[in-house]
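First the structure, in the form of structure tokens, and then the observations on it.
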Amino acid sequence: MVTRYDEPVEMISHFTGGTVRPCRFRWNGHVYHIASVSSKWESREGAYPLYHYVVRTEGEDVYEIHFDTSDLTWILDFHYSE
């Protein structure tokens, strides 16, 4: 089952060598530690790139999130569950 959220999250991430690596995020009062990034890609919204990630948390949940460079916010797009 796929649930769409389109909600902002608080993210801790590493910015090194021109790359971004999401580490953990807070959403709905819970902190989710990212165990792995299974895919990533870039898209554009006007002049600003969006960096998309499909991540697996330590609890084995899978989320799709993106970083919006126009306002430096992180958005939770989807939660994938069985």
Restricting segment 42-65 to residues that are hydrophobic (A, V, I, L, M, F, W, C) and out of contact with any Leu (no Cβ under 9 Å at 6 or more places or on another chain), the one farthest from Glu10 (Cα to Cα) turns out to be Ala47
Could you please give the count of residues in segment 6-32 that are among the small types (Gly, Ala, Ser) and in contact (Cβ under 8 Å) with a residue 12 or more places away in the chain?
-> 1
Kindly establish whether Glu82 is touching a residue at least 60 places away in the same chain (Cβ under 8 Å) and out of contact with any strand residue (DSSP E or B) (no Cβ under 7 Å at 6 or more places or on another chain).
-> yes
Residues in segment 37-52 that are in contact (Cβ under 8 Å) with a residue 24 or more places away in the chain and among the acidic types (Asp, Glu) total 1
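Every read-out reported here was derived from the displayed coordinates using simple, explicitly stated rules and does not represent laboratory data. If you're wondering where the values come from, they're calculated on a predicted model, not measured in any experiment. Counting neighbours? That spans all protein chains shown, and the Cβs are built from the backbone with ideal geometry, glycine included.
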